[in-house]
Amino acid sequence: IKDQFLAERVQRGISSDVKVTPAEVREFFNQQNNADIPVVPTKVEVAQIIVKPEISEEQKDKLRDKLNSFRERVYKGEDFKMLATLYSDDPGSATIGGELGFVNRGDLVPEFERAAFRLKEGEISEVVESQFGFHIVQLIERRGEQINVRHILLKTKVSSTALYNAKLKIEEVEKELIAGTITFDDAVEKYSDDESKNNNGLLLNPNTMSTLHAIDEMSPTLKFAVENLEEGSFSSPAVAQIPDETKAYRILKLNKRIEEHKANLVDDFSMIKDFAINIKKQKELMKWIAKTISNTYIKINDDISACEFKNKWVK
């Protein structure tokens, strides 16, 4: 793993400054054989309004009190790992004592990260509220901008009454949209409880950080909700599972639909640019290898010495 990490770091250093101009992107595309130009699947751009059930302050206070009691118990000598295993609502870490492993600054949700990076080794944070619930965090080790922490998470529980009230609220939003007394964008700003409201309600593709999603790669629930919508139309309210794994109500709007097509410079410039950059990076890496081979000791194991190599490893 260490060797792989070092190799990747060297490769990043060689190609980090590689860029392509729009003219280079066009030239790269025009050099491709028609048969090699990929077919781009149907993609959609979707916006959402999320109405979450309200969690009572009484329930929040109970969770805070419970976590504070865990904190006191650890400082009195109990094992944080044991408490995390017994009580944490995070299934991914509870079985290993709440430990998350080393993460970089920027990998965690902001509230959790701010608390974690302020800690000294062995110290336990005050109760932290995030989109996932309430936590206490213990710093295990810090290495510069990397930390290893363990935590105990307690999630809020949504009552049937709170979920019903969220349903009533989003139905009122739907009525306003149908009547035309509010635009979808304004409804997002006014009513949505999700952080996507800061981006006009647009759903980001986590793989590309684009607002476009290949429709066949969407979750079955999301695909079913939008695949038959016309551009500019919106769905009926429906229950949705949101990132903190609780239920909420959602209205979806289909902003844009791009049908399956052969890649072209108008609709797919960013994708073609990424291809062009990757090819250019590969060429820079090959140049570096060719230049470095001549003054570098290279050992070839006997069991592969008869193989044909792309580079002149054998002198």
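Structure summary
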| read-out | value |
| --- | --- |
| Residue check for V173: buried (at least 21 other Cβ atoms within 10 Å of the Cβ), touching a residue at least 40 places away in the same chain (Cβ under 8 Å), under 30 Å from S236 (Cβ atoms) and over 23 Å from the mean Cα position of the chain (by Cα) | yes |
| Residue match in the stretch 121-138 (condition: in the same structural domain as V46 (by TED's automatic domain parsing), β-branched (V, I, T) and buried (at least 18 other Cβ atoms within 10 Å of the Cβ)) | no |
| Scope the stretch 184-216; condition under 19 Å from S270 (Cβ atoms) and free of Cβ contacts under 8 Å to residues at least 40 places away in the same chain; matching residues | N199, L204, N205, P206, N207, T208, M209 |
| From the options A23, A35, A47, residue that is small (G, A, S) and in the same structural domain as F224 (by TED's automatic domain parsing) | A47 |
| Total residues in the stretch 199-228, condition over 16 Å from the mean Cα position of the chain (by Cα) and polar (S, T, N, Q) | 3 |
| Scan of the stretch 51-70 for residues that are in contact with a helix residue (DSSP H, G or I) (Cβ under 7 Å, 6 or more places away or on another chain) and in a helix (DSSP H, G or I), ordered by number | F70 |
| Residue satisfying all of: in the stretch 23-50; part of a helix (DSSP H, G or I) and polar (S, T, N, Q); surrounded by the fewest Cβ atoms within 10 Å (Cβ to Cβ) among these | N34 |
| The listed residue being of a type in the set (A, V, I, L, M) and within 30 Å of A162 (Cβ to Cβ), out of I258, I242 | I242 |
| Unique residue being at pLDDT 90 or above and under 30 Å from V18 (Cα atoms) when the list is L265, L254, L229, L222 | L265 |
| Yes/no for G97 being surrounded by fewer than 17 Cβ atoms within 10 Å (Cβ to Cβ), at positive phi and out of contact with any Pro (no Cβ under 6 Å at 6 or more places or on another chain) | no |
| Qualifying residue in the stretch 120-143 (condition: over 29 Å from I55 (Cα atoms) and touching a residue at least 40 places away in the same chain (Cβ under 8 Å)) | yes |
| Positions within the stretch 147-169 being of a type outside the set (V, I, T), more than 23 Å from R64 (Cβ to Cβ) and in contact with a helix residue (DSSP H, G or I) (Cβ under 9 Å, 6 or more places away or on another chain), in sequence order | K169 |
| Residue tally, condition under 16 Å from L139 (Cα atoms) and in a loop (DSSP other than H, G, I, E, B), over the stretch 80-105 | 4 |
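The values are calculated or read from the model by the stated rules, or taken from the named source; none is laboratory data. Fair warning: this is a prediction, and the values are worked out from it, not measured in the lab. Cβ atoms come from the backbone with ideal geometry, glycine included; neighbour counts cover every protein chain shown.
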